[in-house]
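Take a look at the structure below.
The values are calculated or read from the model by the stated rules, or taken from the named source; none is laboratory data. Here the structure is a predicted model, which means the values were calculated and not measured. Please note: Cβ atoms are built from the backbone with ideal geometry, for glycine as well, and neighbour counts cover all protein chains shown. Accessible surface areas use protein heavy atoms only, side chains included; no ligands, DNA or RNA. Shrake-Rupley method; radii C 1.70, N 1.55, O 1.52, S 1.80 Å.
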Amino acid sequence: MINIAARRCTSLDGKWQIIIDPTGAGDWRQVWQEKKTEKKTDFIEYSFEGGPVLNVPGDFNTQMTELKYYEGTVWYKKSFNYKSVGNKRLFLHFGAVNYLASVYLNGNLIGKHEGGFTPFQFEITDKVNSGINTVIIRVNNQRLKDGIPGLGYDWFNYGGITREVNLIETNNTFISDYFIQLGKNSLKEVNGWIKMNGIDHSQNITIKIPELKVDYQTRLDGEGFTEIKFAADFRLWSPENPKLYKLVIQSETDTIKDEIGFRSIVAKGPNILLNGKPVFLKGINIHEENPLKAARAYSESDALILLKWAKELGCNMVRLAHYPHNENMIKSAEKMGIMVWDEIPVYQQIEFSAPGVREKMDLMMREMVSRDKNRCGVIIWSLSNETNSSPDRDNALINLTDKCRHLDSTRLITSVINDENYSNNVMDVWDILYRHCDIISFNEYLGWYVPWQGRSTDVKWKFISDNKTVVITEFGGEAVFGNNIGPIDEASSWREEYQEQIYKDQVAMFHKMPDLYGVFPWLLADYRSSGRMHPLYQRGWNRKGLLSDKGEKKKAWYILKSYYDSINNNY
Ligand code: GCB
């Protein structure tokens, strides 16, 4: 089900009791059964009582010093009281758990989920007791060779129940899902659908948008589904005017409210057209981390810190790297007029041929699209980052692209690559994935990982598909804020001037690329990454931020800001 915020929820956030289980002993001791002693000679070698507690939502690594670098199992427990009122259904819903979750209710397994950044739920209508119930969850954030992401990735592996947990009560037949957005290329006509879950599959449906006097009526098709099509004079959503409309969907057994914006996004030749007019994507990459707390971000206030910085920088778009961020981020961005790039964690070394991996990619893509498809601020689905071409990879990602387009053809679909060839100052962007994507989006670290082969203004470009929109999804370099030791023209000094020069050279290059329609520097703020081990400059932080981990502006910030301020999007 989608749009959790609008449903009858009882929050299970707050303190949860935990057991840390580095060796997996909890599995064979069957911790979820919470056995009690019966005879005088009995004893049990685990208990939640008297043990530590953790806040949910929140990563576990930053809540207890002994969990700082932990990658393993933590058992979570919470009890709740439920009074059944009859004729209702009950679901246990998780915003996200990183990475594996096995969920037990009153000693019985009710379901498992894999994937750290998307929501999932289990129906517990027939399993819940009237009175006290206990949920126990085995959470495990160990890296897996066949996981998504796989074994290696350049961000901190925050484990735990990182997003909200809710009990959701619904009527027997309820509005479980809907897609309400403008049809492709249309500025007036909504083309979508509504799905109900339950037994009562023949119902009248009404969609109301009071502000526009829309009162659209239709009927379910007998399978609990109906297509919807209606036109209205929308004030279209844009960064300058992030208009959202209050909307109500009514059936005979359920009602749900949402706030929805309407806009069109199309890639046409080299242009990206927002509401029919060319737009330059003034982007920035962001990880789901609050650098000021050095912890996983999850709340609205975390989102506002990050997004206000992005606004101040002059951005009209954020790339939420490299996995779907929490809904506060998506919704706040939409309200602030910031377009969103949504991505799944198919990142670098994925075992495309390992059994089950393609199904996992598929599920993550579906869970992302399902959750965010009514957020008009989201304009791009990104299905991977920096995977290398091989028959297995090409096949898997082309297939995933087709499936994603089948689910939602209104947004732009892409994959990010960095396997371009660079020689004699010519950049050859050759990856065949781009024949299947709506836009070409690639990372280039010219001036940092890849030394310039001449003047930045003389770089020549070759693209596998002519006449496709091109955006640069990553560039940049590292610098420690305030560091003034060592030569300014040596990368190994980690000086701000070196990073600043990269930005100057990059901006000069962008000016010579007439068909460039967006850039996304890597990245907004310094962020934690255990593989960044330099003891003086990094200390477990990737220092490519335009802001330090304290939010201080590095010199490169001003170069990018003046570039963005000089670009006028007129629509
Ligand atoms: C990349 C990756 C990004 C890294 C970044 C870096 O190409 O896409 O996740 O963190 O480079 O800092 O090296």
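Over the chain, what percent of the accessible surface lies on carbon and sulfur atoms, probe 1.4 Å? Write down the numbers at each step before the final one.
On the way: 11110 of 22770 Å².
The value for the chain is 49 percent carbon and sulfur by accessible area.
With every protein chain left in place, what is the accessible area per residue of the chain in square angstrom, probe 1.4 Å? List each step's numbers first, then the result.
Values: 22770 Å² over 571 residues.
For the chain, the solvent-accessible area averages 40 Å² per residue.
For segment 88-159, what's the relative contact order in percent, using C-alpha pairs closer than 8 Å and at least 6 residues apart?
Details: 118 pairs, mean separation 25.8, N = 72.
Rounded, it is 36 percent for segment 88-159.
What is the antiparallel percent of DSSP beta bridges lying wholly in the chain, to the nearest 5?
On the way: 89 of 121 bridges.
Percent antiparallel among DSSP bridges in the chain is about 75.
Run the paramagnetic zone check for S390: 7 angstrom along Cα to Cβ, then residues of segment 304-331 with backbone nitrogen under 11 Å.
none
With an 8 Å cut-off on Cα pairs and a minimum separation of 6 or more residues, tell me the relative contact order of segment 516-571 in percent.
Relative contact order comes out at 26 percent.
Using a simple spin-label model with points 7 Å from Cα along the Cα→Cβ vector, what separation in nm is obtained for I485 and D27?
Spacing of the two 7 Å Cα→Cβ label points: 4.7 nm.
So if each residue of separation counts as 0.36 nm, and I subtract the Cα-Cα distance between W193 and C9, what length gain in nm does that give? Write down the numbers at each step before the final one.
Numbers: separation 184, 0.36 × 184 = 66.24 nm, distance 2.44 nm.
Full-extension gain reported as 63.8 nm.
Report the extension gain between K246 and K213 in nm, rounded to one decimal, defined as 0.36 nm multiplied by the number of residues separating them, less their alpha carbon distance.
Details: separation 33, 0.36 × 33 = 11.88 nm, distance 1.12 nm.
Fully extending the segment from K246 to K213 adds 10.8 nm.
Would you please put 474-481, 216-223 in order of how densely packed they are, using the mean number of other Cβ atoms within 10 angstrom per residue and starting with the highest?
On the way: 474-481: 23.8, 216-223: 13.2.
Ranking the peptides 474-481, 216-223 by packing returns 474-481, 216-223.
What aspartates and glutamates could a cross-link reach from K553, if we take a straight Cα to Cα line under 17 Å and drop same-chain neighbours fewer than 8 places away?
Counting by Cα, and skipping residues close in sequence, K553 has these aspartates and glutamates nearby: E312, E478, E496, E497, E500, D526, D565.
Are any of the pairs K188/K335; K127/K257; K257/K468; K246/K293; K360/K544 more than 32 Å apart by Cα-Cα distance, and if so, which?
On the way: K188/K335 21 Å; K127/K257 29 Å; K257/K468 38 Å; K246/K293 34 Å; K360/K544 30 Å.
Pairs exceeding the cut-off: K257/K468; K246/K293.
Can you give the convex hull volume per residue for the Cα atoms of segment 120-193, as a whole number of Å³? Mind showing how you got there, number by number?
Working: hull volume 15.9 nm³, N = 74.
Given the Cα convex hull of segment 120-193, per-residue volume reads 215 Å³.
What is the set of long-range amide H partners of L516 at a cut-off below 5 Å, with H atoms built 1.01 Å from backbone N?
Long-range HN contacts for L516: none found.
Over segment 10-83, what is the mean sequence separation of C-alpha contacts under 8 Å (at least six apart), divided by residue count, expressed as relative contact order in percent? Show your work: numbers first, answer last.
Numbers: 75 pairs, mean separation 37.9, N = 74.
Taking the mean separation of contacting Cα pairs over the length of segment 10-83, I get 51 percent.
Within 10 Å of each candidate Cβ there may be at most 16 other Cβ atoms; applying that plus a DSSP loop requirement, which trypsin sites (Lys or Arg not before Pro) in segment 282-332 survive?
Values: sites: K282, K293, R296, K308, K311, R319, K331; in loops: K293.
Loop-located and lightly packed - K293.
If I model a spin label at K293 and Y558 as a point 7 Å from the Cα along the Cα→Cβ vector, what separation in nanometres do I get?
Label-label distance for K293 and Y558, simple model: 3.2 nm.
Need one number: nm distance between label points at D402 and S84, each 7 Å from Cα along Cα→Cβ, rounded to one decimal.
The two pseudo-label positions are separated by 4.6 nm.
Where Lys and Arg each count +1 and Asp and Glu each count -1, what net charge lies around K188 among other residues with Cβ under 14 Å from its Cβ? All intermediate terms of the calculation are to be shown ahead of the outcome.
Working: positive: K184, K229, R235, R263; negative: E189, D233.
So the environment of K188 carries a net charge of +2.
Work out how much length S353 to M64 would gain on full extension: take 0.36 nm times their residue separation and subtract the Cα-Cα distance, in nm to one decimal. Display every interim value, and only then the final one.
On the way: separation 289, 0.36 × 289 = 104.04 nm, distance 3.76 nm.
This chain segment gains 100.3 nm when fully extended.
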